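Report on the structure given below.
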Amino acid sequence: MSFVGALRDAFNIYIGDAGTKIGLWIAAVALLSGFVAAYLAWKPERRARRVQRAEEDRFALAHVERDEYMLALRHYIDPDCTAIDPTGEDDLRAAVPTRQPIQQFWQDILDANSKYKHTIVLADTGMGKTSLLYKLVHSSLTYQSSRNVRVIFVPLGRPGAVQKIAAVERKNETVLLLDALDEDTQAVEDHAQRTRELMSAAQDFYRVVLTCRTQFFARDEEIPRETGIVRISPRGAGLAKEYRLYKVYLAPFNEQQVNAWLTRRFPWFAHARRAKARALIAKLPELVVRPLLLTALPDLVEDGVSVANVHELYARIVHKWLVRERASEREQKSLLQLSQRIAMDVYLNRVRRQSERIPPSEMRWILTAGEDLSRLRSRSLLNRDREGNLKFAHRSMMEYLFVAAFLNGERACLNAAWTDFMIELFWNAVDSSVRDEQLHKRIQDILTYDDIRGPGILVEGKRLGFLKESARKVRASPDKYEGLSVRIGRSDGLYLVCDLLGERIFEFDGYGRRETTPLEVGPELRAYIGKFQKGVSPWRPARSDEVLGLLRFKTVRPLAARMQANFWATDAPGRHLSLVRLGQTPSEDTATVVLNRQRGSDHGLRGIAVLVMSNGALEYYYARLRGRMVTGAWL
């Protein structure tokens, strides 16, 4: 029988029999009463659940700025995690063989039998560590987990973190998310001691997840492994006496994740813009390495601007912010200068304040006549937290503006050790200065007159991932950078060439400029070189490979050609002499080793002995020579 036929029969029964009609009405009323009763019984439970969710929400986000939280989740794509540090790869986009979806890892953490009681999540600047914790909070508030646990987010970049942790009730039912160990001013002083202090305060929590920049630790061995918390429960085979701090790294986006982000950010009707964005990503891989920078893609696509490195990308982000905040160029310049001063104040006073925020009571010391912050928008680079403290929406923006302030002449920036990202931005600026005449002049002045060893720019910077590549570029093509890094001058009748990036100073006599003539192989040369090999001074004979590098500089080659001389050097053990000659024709841009001889051999070959100082060269330069040496001119 069809459904329509059944309805017709029921209707015929209804209209034909009064008793049946009354029975159907009673059944309908009873059914309706049952629904009403069920609803009335369920309503208080629903209200209680709603109140509970609101309380959980307030608890989890008690120390979170809501605008930042919502903005971080917009267009959010879950990253993968890995047990291998991706920053150790030459290409950060390289596929990591142990990738795991972060949500799966989160479920593993929540599992009652999980070994991940304490976990540290490591990633480079802008890779989404804070956003990840926001997403974990969101997941815990949105979906039912296998265990009824609470989640609370505590930022370590603000004072009172230990007190906030201690104030949490029902710790054994709570997952503690500690954000940004690298922004904790006490961790900057002693990260091992601070980690033990935090873990001790968090020992009663169900789970603890800590985030930190990978480069906060100079070596992998410095990453904390032990929590200092002794296991109370029975230990299984192979388990240590103390709980371990398991480390996991965020992996850069793979192609599928990038495509997912592009699809969310550029819907199907913006297909052309999505294609342009994809082309920019292919040109600038840092956009994928640091998902934060993906937020700049729409502006880059719209404006058609080309950027070559991260420094230029941040400059573009700041420029677009200034355009939105201020109408005129004069106002934009004023706000940029104010932002740079705020960045300096935030970073240079972070230890005293125990945070990277400026309280309202101290803003008057930064503002000049006619300046105010009333027009700053809530989602700009600068905003205020709920206590009215001024802060940057992302720490990397503060770091960029700090470096920009230094490039604009603020020498107070040298009074503190720089972060790894600041150093990277500086060397990005060096790379950009080759194409920017005004920036080139500023950096040239910095390398000439400022001692930039203290903040770690010369020493620490060159061992970081990006600068390893920069160092290779300098060695392979020194002409590109020599206007910024090579200083040539005269001192006491000798030519001195200071290679700041190579941290060496070369010394050699000018042909015919002194009473002594260029040295020949024989007793005179042996005595001359032997004198410096006995530790009489920090100078030593230059090796042949060092002289070859010296003669590659464009500013040195004309001088060597004018002297029409060969140059004496030694091999690495110092047992042989080498005669190095500059190319004799304009097409010969490089020097060559034309002779290797035993020291005891006497020949009538003449050359100029080259000495080099590699131990303490920078101290010598900054203490004695920087005021008397210039590029491309002879004093």
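Some notes on this structure:
- Greater than 31 Å apart at Cα, pairs in K247/K276; K117/K164; K115/K391: K247/K276; K115/K391
- Solvent-free Debye calculation, one equal scatterer per alpha-carbon of segment 291-369: log10 I(q)/I(0) at 0.15, 0.21, 0.22, 0.25 Å⁻¹ equals -0.69, -1.03, -1.06, -1.15.
- Using a simple spin-label model with pseudo-atoms 7 Å out from Cα toward Cβ, R99 and N113 lie 2.9 nm apart.
- Cα centroid separation - segment 266-289 against segment 306-344, whole Å: 23 Å
- Protection proxy ranking, peptides 343-354, 398-409, 560-571, average beta carbon neighbours within 10 Å, highest first: 398-409, 560-571, 343-354
- Note on segment 296-340: Rg/Rh from C-alpha atoms, Kirkwood Rh, equals 0.99.
- Remark: the L32-E437 segment gains 137.6 nm on full extension, using 0.36 nm per residue and subtracting the alpha carbon distance.
- Peptide packing for 481-494, 288-301 was compared via the average number of neighbouring C-beta atoms within 10 Å per residue; ordered from the highest value, the list is 288-301, 481-494.
- Distance between the modelled labels on L348 and K554, one decimal in nanometres: 3.7 nm (7 Å Cα→Cβ projection).
- Reduced Cα scattering model of segment 411-453, Debye log10 I(q)/I(0), q = 0.14, 0.27, 0.29 Å⁻¹: -0.33, -1.07, -1.13
Readers should treat all values here as calculations from the given coordinates under stated rules, not as data from a laboratory. This is a predicted model, so every value here is computed, not measured. Neighbour counts are summed over all protein chains in view; Cβ atoms, including those assigned to glycine, are modelled from backbone coordinates with ideal geometry.
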